[in-house]
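Colleague: Quick one: this structure, given as structure tokens, is what I'll be asking you about.
Every read-out reported here was derived from the displayed coordinates using simple, explicitly stated rules and does not represent laboratory data. What you see is a predicted model, and the numbers here were worked out from it, not measured in a lab. FYI the Cβ positions are ideal-geometry reconstructions off the backbone, even for glycines, and counts take in every protein chain you see.
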Amino acid sequence: MERIIYRRDKKDIHYSPQIMLHRASSFTSSSFTSFTSSSSVRTLVRTLRGTTARVVARRTTTMASSSDTTRATPPMVEIVQIPALSDNYVFLLRCGRTGSTAVVDTPEVTPIRRELESRKWTLTHVLNTHWHADHTGGNVELKKAFPDVHIVGPRKEKAKTPGVEKIPGIDRKVDDGDSVFVGDVELKVMDVPGHTLGHCAYHVPSAKSAFVGDCVFAAGCGRVFEGTHEQMFASITKIMSLPETTKLYCAHEYTLANIKFAKSVDGQNKDLLEREKRCKALRERNEATVPTTVGEEMRTNPFCRSGDEKIRKFLGMEEKRDVEVFARLRTMKDNF
Ligand SMILES: [Zn+2]
């Protein structure tokens, strides 16, 4: 079995997940190798993610602080990333202790069922980030296939017509701060409106991961369809307030187009130029650029950098508020 142990930066050292990766069911134990650096881990994640990669993160005591070792070990969390439709990503999240398995968003049923069947997993939860059809289109069919499945979605996705649900088959409506348990794995609901009025994200503290739907993308952000620029700015700021090593599972592969826009307003940013090289190489190999991290977005995503002096100067907005700079950037991207 592969075991990858990596050390996060010093201030984060009390959290040192042990990560195990493998590719679908065809991966054998002899295929596994060990790494000790986070960059190697990232490389391997990306190598595997061309098809699907499983990421298992759990707390270990090997690098834990003394106070940490006294806490109960959280359950193993497994995350599987599946491409769907033309550019969507779907994520399976499984509690290693109980076998409970959630799918985050349901653009289409076939790739989800195929992945579940190959792993002999039973779906127990659907977690929707927002009402758009490329995120909820498979809800009803999945519920037919797995009658016990529990569909969870944001309460604020309200239809105008009473009695009509914007999220098909919804069983539980959640609000900001609510907890959703998939087996023993706790997900914290974060309201992040702007793209839609009810859009939410699901933060999994034990896996240092968040499913952010169409709010934050790698090097970009979702279009502001229903909410205001102020709402979207606040939502992105909220996600960026998570620890910087938090992995962000975005719902679309839009990264190269986003980087193209980012370069047009932040062209001197060395981290951004380096990221472009990395992402181009990944896409040439048909591999995913998702997940990203909070830290990476803070360094390279213009929608997270409206306080940056160079971007402000470029826009001639040195004296404006961050939210005004954000709104200008979003409008420019809409017309890019
Ligand atoms: Zn959407």
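Colleague: For residue 181 paired with residue 332, estimate the spin-label separation in nm (one decimal), with each label point 7 Å from Cα along the Cα-to-Cβ line.
Modeller: Distance between label points: 4.8 nm.
Colleague: Roughly speaking, what % of Cα-Cα pairs in the stretch 222-316 are separated by over 20 Å, rounded to a whole number?
Modeller: Tail fraction, whole percent: 40.
Colleague: Grab the Cα-Cα distance for residue 110 and residue 256, subtract it from 0.36 nm times how many residues apart they are, and report the gain in nm with one decimal.
Modeller: On the way: separation 146, 0.36 × 146 = 52.56 nm, distance 2.68 nm.
Contour length minus the Cα-Cα distance gives 49.9 nm.
Colleague: If the limit is 20 Å between Cα atoms, which of 120/188; 208/238; 188/208; 263/313; 143/166; 144/166 go over it?
Modeller: Numbers: 120/188 27 Å; 208/238 15 Å; 188/208 12 Å; 263/313 15 Å; 143/166 16 Å; 144/166 18 Å.
Where the Cα-Cα span goes over 20 Å, the pairs concerned are 120/188.
Colleague: In nm, to one decimal, how far is the residue 314 label point from the residue 144 one, both placed 7 Å along Cα→Cβ?
Modeller: A separation of 4.9 nm, rounded to one decimal place.
Colleague: Let me see the pair-distance distribution of the stretch 98-206: every alpha carbon pair, 5 Å bin width, integer percents in order.
Modeller: Calculated over all Cα pairs of the stretch 98-206, the distribution is 2, 13, 23, 25, 20, 12, 4, 1, 0 percent.
Colleague: I've got another one for you. Mind ranking 87-99, 279-291 by how tightly packed they are, going by the mean number of other C-beta atoms within 10 angstrom, highest first? Could the numbers behind the result be given before it?
Modeller: Working: 87-99: 19.5, 279-291: 17.1.
Ranked by mean Cβ neighbours within 10 Å, highest first: 87-99, 279-291.
Colleague: Considering the stretch 181-257, what Rg and Dmax in Å follow from its alpha-carbon atoms?
Modeller: Calculated on Cα positions, Rg and Dmax stand at 12.2, 38 Å.
Colleague: Oh, and also: Based on the alpha-carbon gyration tensor of the stretch 126-266, what equivalent-ellipsoid semi-axes (square roots of 5 times the eigenvalues) come out, in whole Å, largest first?
Modeller: Numbers: eigenvalues 129, 64, 42 Å².
They are 25, 18, 14 Å, listed from largest to smallest.
Colleague: Which of 298, 232, 317 comes first, and how do the rest follow, when ranked by fewest Cβ neighbours within 10 Å?
Modeller: Working: 298 13, 232 28, 317 16.
Taking fewest neighbouring Cβ atoms as first place, the list is 298, 317, 232.
Colleague: Using alpha-carbon positions, what is the distance between the centroids of the stretch 197-249 and the stretch 264-286, in Å?
Modeller: 21 Å
Colleague: If the reach is capped at under 13 angstrom between alpha carbons, list the aspartates and glutamates near residue 158, excluding any in the same chain fewer than eight residues apart.
Modeller: 175, 226
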